[in-house]
Every structure is written in C-alpha cells, then in structure tokens.
1. Quick one: is A:ASN58 in contact with a strand residue (DSSP E or B) (Cβ under 8 Å, 6 or more places away or on another chain), part of a loop (DSSP other than H, G, I, E, B) and open to solvent by 10 Å² or more (accessible area, probe 1.4 Å)?
2. Can you tell me which condition A:PHE85 does not meet? The list is (1) hydrophobic (A, V, I, L, M, F, W, C); (2) closer than 22 Å to B:ASN147 by Cα; (3) more than 10 Å from every other protein chain (Cβ to nearest Cβ); (4) open to solvent by 40 Å² or more (accessible area, probe 1.4 Å), and all the others hold.
3. Tell me which residues, restricted to region B:89-110, are outside any strand (DSSP E or B) and either open to solvent by less than 50 Å² (accessible area, probe 1.4 Å) or within 11 Å of another protein chain (Cβ to nearest Cβ) (or both).
4. For A:ALA67, work out the one condition from (1) among the aliphatic types (A, V, I, L, M); (2) open to solvent by 40 Å² or more (accessible area, probe 1.4 Å); (3) more than 12 Å from the chain's Cα centre (by Cα) it doesn't fulfil.
5. Could you list all residues from region A:121-147 that are among the small types (Gly, Ala, Ser) and facing chain B (nearest Cβ under 10 Å)?
6. For B:MET150, only one of the following conditions fails: (1) open to solvent by 70 Å² or more (accessible area, probe 1.4 Å); (2) within 9 Å of chain A (Cβ to nearest Cβ). What is its number?
7. For region A:138-147, enumerate the residues that are surrounded by 15 or more Cβ atoms within 10 Å (Cβ to Cβ) and more than 24 Å from A:VAL36 (Cβ to Cβ).
Number of protein chains: 2
Amino acid sequence: MSRNMLIAALAAIALLAARPGLAADAKQMEDNKKAVAAFYDAALNQKDFDAAAKYLGNRYTQHNPGAADGPEGLKGFIAFLKDKFPNNRSEIKRIFADGDYVIVHVHAVREPGTRGNAIVDIFKLENGKVVEHWDVVQPIPEKPANNNGMF
Amino acid sequence: MSRNMLIAALAAIALLAARPGLAADAKQMEDNKKAVAAFYDAALNQKDFDAAAKYLGNRYTQHNPGAADGPEGLKGFIAFLKDKFPNNRSEIKRIFADGDYVIVHVHAVREPGTRGNAIVDIFKLENGKVVEHWDVVQPIPEKPANNNGMF
C-alpha cells in the first residue's frame, strides 16, 4: 500500500466515522420505499386488508380526517373502497424517503374516466413497518391556470 | 498500520467507491432544505417576491392549478396574497429532502382564527435553486373522524 493510498484510506475512515449512519440509512430508506409502495398497492389497488396489514407495525396512527384511527380504521376504509369504488386506481407518481419517513405523490382515480384526485401521503416507519399516516387530498380541477398538469 | 486497519481502510474505500455521492448528497440536501424554508417564508409570510426570487433558478415550472406558470405567476400569486390575505401565515410542520427534491408539510391559515388548509408542497431544485413546484391543498374539516389532527 502506497503512502497516498494510506492517506486516502485514513480519510475514508475519518469520513465514515463522522457519518456512520449514511450507508445504513440509505439502505433502510430504500427498503422503506419498497414497503410503502407494496403497502399502498395492497390497500388501495388490491383493496386487501390482510395483505396490507403485513406492512403495519404495532400501531397505525391515522391523521386522515376522514378515517378512524388504528388498523381497524384502515380495515373500514378498505371495505368502503371495495364496496363503493371497486375500480379505484391509485398510481404513485413520485416516491421520496427521508429518515423514518416515506412520501408518495399520487394520482387517485375512484371512477375510471374521471379526473380524480392529487394526493400526497406521508408515512412514518419504525423498523421497516408503517406506524403513522398523514395525507392531503385535492380534486384535480377542470380548468387549470397552467398547462403543466398536477404531476 | 496493522493488517486489520489495512483491511478496514480498504473496506471503507470500497464502500465510498460504491456510494461516492452519499456525503456530498447529504450536504446538498441539507442546503436545499434551508433554501426552500427561506424561499417559503419570503413568498408566503413576508409576501416579498424580490426576496423569494433570490432562491429561484432559471425557470419556475408551476403545477399548482390555480397559479400561472413561471416566476411571473409566482409574482402574481404573492400580489394576490398581499392584497386579499395580508395576514396569511404558512407554518412548515415537517420538511424532507430526497435527491433534488424538498417536500414540506404545511399548515396555512389565510385568516387568523380559521382552521386553514393542510398543504404538501414539493419543490425540485437544481444547483441549490428552486426550479419546479407541485402542491396539494386540503381545507381542514370541522369534524374529523379521529383525534390526531392533520399534522
């Protein structure tokens, strides 16, 4: 090992020592994205509570003001969707992760052929499992003020 | 340098070679968060287009369906806010970054004493400057189905 390589190696060790969680965090965040995408598809497209529940942790704190708290609230919401909007399709357009959070930007169409809603969901994960949910939902307007679309 | 330290150093180099952008990305993402927080405050609380414009890049692609495209659209929106809702306060509750994107979860109150809106804004940045914007806006309902609040 040359002197230069030694210096590079020591610099690399120093950097990793200063930011020990970087690589581990990146891996966990990628895993969290995959878990949320699978959870989302199971809940909103497959409308299968049992399949979705595999991604839940020991709680599901609900901030959507239209849904009851907890896993039971999610179960009720999926049953409502299956009954009233069996053709609902929720398509993830963008997915982000930062720390324990995963954020999805979604186009949700309850009835095929309608404009549908723009949605952002925020999920908190613990140990790779979904434990908390916030969202914001807005109907896509007929006549937007620009031609860029909402996605 | 011992044999074990050599092995550790080589492992560290291999990891950094595999993930060369990790530390640089983390720094850029923190800088992006600061830029978006300052941009947001200048535009929506100070309602000062010139102050906000310092954070804009060479374009401002607008996906909010109520606002015209480009920096001029932002200028018009700030003028509208200043005229109709001079007391508007937009409070960032959470801020996230992933790659070139910064996401903020916001409680916006146009008239003091009203419940206001839950908003998620997504900004794309290039070279630390804001170049694109999406958002989703939902009025906070009077009677939510759970007691957790929208934030």
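1. On the way: in contact with a strand residue (DSSP E or B) (Cβ under 8 Å, 6 or more places away or on another chain): yes; part of a loop (DSSP other than H, G, I, E, B): no; open to solvent by 10 Å² or more (accessible area, probe 1.4 Å): yes.
So A:ASN58 fails the test.
2. (2)
3. Applying the first criterion (outside any strand (DSSP E or B)) to region B:89-110 yields B:99-100, B:110.
Those that are outside any strand (DSSP E or B) and either open to solvent by less than 50 Å² (accessible area, probe 1.4 Å) or within 11 Å of another protein chain (Cβ to nearest Cβ) (or both): B:GLY99, B:ASP100.
4. Status for A:ALA67: all satisfied but (2).
5. A:ALA145
6. (1)
7. Going through region A:138-147, the residues surrounded by 15 or more Cβ atoms within 10 Å (Cβ to Cβ) turn out to be A:138, A:140, A:144-146.
The answer is A:PRO144, A:ALA145, A:ASN146.
Residues are listed down the side, and each one gets a yes or a no for (1) more than 14 Å from B:VAL36 (Cβ to Cβ); (2) in contact with a Phe, Trp or Tyr (Cβ under 8 Å, 6 or more places away or on another chain):
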{"site": "B:ILE95", "(1), (2)": "no, no"}
{"site": "B:ASP100", "(1), (2)": "no, no"}
{"site": "B:PRO112", "(1), (2)": "yes, no"}
{"site": "B:ASP121", "(1), (2)": "no, yes"}
{"site": "B:LYS124", "(1), (2)": "no, yes"}
{"site": "B:GLU132", "(1), (2)": "no, yes"}
{"site": "B:VAL136", "(1), (2)": "yes, no"}
{"site": "B:MET150", "(1), (2)": "yes, yes"}
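The values are calculated or read from the model by the stated rules, or taken from the named source; none is laboratory data. Nothing here was measured: the structure is a model prediction, and the numbers come from that model. Note: ideal-geometry Cβ built from the backbone for every residue, glycine included; neighbour counts use all protein chains shown. Ligands, DNA and RNA are stripped out before the accessible areas are found, and what is left, the full protein with its side chains, is counted by its heavy atoms. Shrake-Rupley method; radii C 1.70, N 1.55, O 1.52, S 1.80 Å.
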